[in-house]
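Visitor: First the structure, then my questions, so here it is.
Derivation of every value follows stated rules applied to the coordinates shown; laboratory data play no part. Quick caveat: nothing in here was measured; it's all calculated off a predicted structure. Cβ: placed from backbone, ideal geometry, glycine included. Neighbour counts: every protein chain shown.
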Amino acid sequence: MTTESKRQAYPDSFFVGGYWGARKESPEACASRAAVLLERLAACDPLLAHWYKSIRSRKGTKKLSLMPPDVSVLTDLFRRGTNREGGRVFEELGFHVWFLNESDPDDVDLRLRCGDYAGSSPNSCLLSLPFEGPNAERVLTPSVLEAVMRGMVAACEPEWITAMSDYHRELDDPGNKTNTKLGWLTYFSKQRGTVPPLPAPVRIEPVEDKGTLIVLTPERFTVANSEHVALARRVRELLTRAGLISPRTR
């Protein structure tokens, strides 16, 4: 099914994803990053201020509140989130924790994978967000998404971040052939290189001394808008020429 046919048949969804390469970290280090991230997200919008983890035990399932974040509690969650098979712990594959949202459990969750130093899969921070409704109208704005991405930079130090819809992701990079998805908002760490001048109405903002944030349009980006799509393609071309986007090597 093509992106266009999916768009007509199914509702879209939205996410903010930060990604980085192999980085060996302990459960305690991952927990400290998660604590910073949860605090930064809570400051972005009330929707992102209430998080919990579902814990299973012999007595059943309970909700463990994570706000305000406690590093010792988070450390235990990351220890539980190691990759295991047949009694063996694969520390080189890092840790994976899935945080749930009390304000909007159906449309909002946060998944953090860190400490992978085998390079088998990218370390990542993935935040799903509502696409429609009053929460979406408030959160899916450049100002809130920029705050979310700055929080990810402060907490996780990713190589790149994108904020985009699922339909836009499929349209932007068919076949997943490059090392970056260019979203409505995109961040590149300074290790990727220097962002070149880009055409209006694109806005470029520094993120402290860590990297650069690109905002394609001041209004909400949509794949139904041909001008938005054409602008994204042009910006992708320029970023590829500048070396910030390149073909995937694996």
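Visitor: Any lysines with Cα under 25 Å of the Lys62 Cα? List them, leaving off those in the same chain fewer than 8 positions away.
Guide: Partners found: Lys53.
Visitor: Can you tell me which aspartates and glutamates have their Cα less than 15 Å from the Cα of Lys177? Leave out same-chain residues fewer than eight positions away.
Guide: In chain and number order, the partners are Glu237.
Visitor: Here is a follow-up. Expressed in nm to one decimal, what extension gain is obtained for the pair Glu205 and Arg56 from 0.36 nm per residue of sequence separation less their Cα-Cα distance?
Guide: Answer, rounded to one decimal: 49.3 nm.
Visitor: Can you sort Lys210, Lys63 so the residue with the fewest Cβ neighbours within 10 Å comes first?
Guide: Result, fewest neighbours first: Lys63, Lys210.
Visitor: Report Rg (one decimal) and Dmax (nearest whole number) for region 14-158, counting Cα atoms only, units Å.
Guide: In Å, with Rg to one decimal and Dmax whole: 15.1, 46.
Visitor: Still on this structure: What's the FRET efficiency of Asp106 with Ser246 using the Cβ-Cβ distance as r and R₀ = 25 Å, to the nearest 0.05?
Guide: Approximately 0.10, to the nearest 0.05.
Visitor: With a cap of 13 neighbouring Cβ atoms within 10 Å, and only residues DSSP puts in a loop, list the trypsin sites (Lys or Arg not before Pro) found in region 65-164.
Guide: none
Visitor: Amide H neighbours of Glu25 under 5 Å, counting only residues 5+ apart in sequence or on other chains, H built in-plane at 1.01 Å?
Guide: When sequence neighbours closer than 5 places are left aside, the close amide H contacts are Gly115.
Visitor: May I pose another question? Cα to Cα, under 22 Å, and not fewer than 8 places away if on the same chain: which lysines meet these conditions relative to Lys181?
Guide: List returned: Lys6, Lys190, Lys210.
Visitor: Would you mind checking which residues have amide H under 5 Å from Gly81's amide H? H placed 1.01 Å from N; only 5 or more apart, or other chain.
Guide: Those lying under 5 Å, H to H, from Gly81 are His96.
Visitor: Here's a follow-up. Give the span of the chain's Cα atoms along each principal axis, as three whole-Å numbers ordered largest to smallest.
Guide: 55, 39, 38 Å, listed from the longest principal axis down.
Visitor: Would you mind computing, in nm to one decimal, how far apart the modelled labels at Asn176 and Glu132 are, each placed 7 Å from Cα along Cα→Cβ?
Guide: About 2.7 nm, to one decimal.
Visitor: Karplus couplings for region 26-37 from phi (6.51 cos²θ - 1.76 cosθ + 1.60, θ = phi - 60°), rounded to Hz, Gly and Pro as x?
Guide: 7, x, 5, 5, 5, 5, 5, 5, 4, 4, 4, 5
Visitor: Amide H neighbours of Ser13 under 5 Å, at least 5 residues apart or on other chains, H built in the peptide plane: list them.
Guide: Those lying under 5 Å, H to H, from Ser13 are Asp166, Tyr167.
Visitor: Can you list which of the trypsin sites (Lys or Arg not before Pro) found in region 161-207 are DSSP loop residues with at most 14 other C-beta atoms within 10 Å?
Guide: Of the trypsin sites (Lys or Arg not before Pro), the ones in loops of region 161-207 whose Cβ has at most 14 other Cβ atoms within 10 Å are Lys177.
Visitor: Restricting to DSSP H runs of at least four residues, report the calculated mean residue ellipticity at 222 nm for the chain, -39500 (n - 2.57) per run over all residues, nearest 500 deg cm²/dmol.
Guide: -9500 deg cm²/dmol
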